[in-house]
């Protein structure tokens with residue numbers, strides 16, 4: 001939110017960097033001036049300063065791309081990024097809104113390893129805790145991290161004799177899993193209804209890093225009586241949480 005101490009020059013620099021990042025070596029000064037509605041004189045000085053500082057570089061065609069200084073800063077930022085710490089900070093806000101349990105997990109081979117949990121006020125206890133492993137195919141938080149896998153990669157990961165049914169509703173074969181993953185990939189989130197434990201439902205979203213690769217997932221878990229009331233709100237909030245964590249991981 002803009003306020004008393006807002007610095008317009010930094011805002012303009014931020015706009016320039018975003019455009020250059022999205023369209024490397026495509027925009028010249030005149031193009032940026034028109035797109036951002038900044039007069040050419042002011043923009044010339046701004047571009048010259050950013051170029052001198054190494055934030056952008058100018059090609060022989062007078063177009064711009066991001067410079068080495070940003071790469072160095074990004075590297076330093078990512079070296080200090082801790083996904084578990086970020087999760088506990090960001091997930092607390094989401095739990096306040098929905099008042100249900102949220103978990104963080106990462107994919108390790110064919111299992112999800114749970115890394116963190118922030119609990120709502122519900123007295124119903126989850127079957128998973130930080131440090132535990134659970135079959136990825138039987139959980140929303142696992143399946144949402146499998147959405148980029150090909151069917152052959154899934155077949156190699158999950159042999160036909162390796163489909164333990166946690167409940168009568170658990171996904172139990174490759175075709176069923178692949179169909180659910182396609183739906184999740186299209187929607188941007190995964191849903192699991194009583195597959196990991198009877199009476200529980202989950203909705204999960206993926207966390208991406210700076211290379212646009214999925215590095216983890218977050219999920220809301222809740223009992224059936226809450227699910228029918230809170231699903232839509234929980235879905236929106238878990239997608240928002242995953243987006244915030246993705247940005248912190250460098251996915252802009």
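For region 1-17, filtering for residues that are under 24 Å from the mean Cα position of the chain (by Cα) and touching a residue at least 12 places away in the same chain (Cβ under 8 Å) leaves 2. Taking (1) modelled with pLDDT of 90 or more; (2) within 17 Å of residue 252 (Cβ to Cβ) in turn, residue 53 satisfies each apart from (2). The set of residues from region 15-33 being surrounded by 11 or more Cβ atoms within 10 Å (Cβ to Cβ) and assigned to a helix (DSSP H, G or I) comprises 15, 16, 17, 18, 19, 20, 21, 29, 30, 31, 32, 33. Within region 136-145, is there a residue that is surrounded by fewer than 20 Cβ atoms within 10 Å (Cβ to Cβ), over 17 Å from residue 223 (Cβ atoms) and assigned by TED's automatic domain parsing to the domain that holds residue 189? Scanning region 136-145, I find no residue that is surrounded by fewer than 20 Cβ atoms within 10 Å (Cβ to Cβ), over 17 Å from residue 223 (Cβ atoms) and assigned by TED's automatic domain parsing to the domain that holds residue 189, so the answer is no. Taking the condition assigned by TED's automatic domain parsing to the domain that holds residue 97, surrounded by fewer than 20 Cβ atoms within 10 Å (Cβ to Cβ) and part of a loop (DSSP other than H, G, I, E, B), does residue 129 pass? Considered against the rule, which asks whether it is assigned by TED's automatic domain parsing to the domain that holds residue 97, surrounded by fewer than 20 Cβ atoms within 10 Å (Cβ to Cβ) and part of a loop (DSSP other than H, G, I, E, B), residue 129 comes out as yes.
The values are calculated or read from the model by the stated rules, or taken from the named source; none is laboratory data. The shown structure was predicted, so the numbers you read here are calculated from the model rather than taken from an experiment. Neighbour counts are summed over all protein chains in view; Cβ atoms, including those assigned to glycine, are modelled from backbone coordinates with ideal geometry.
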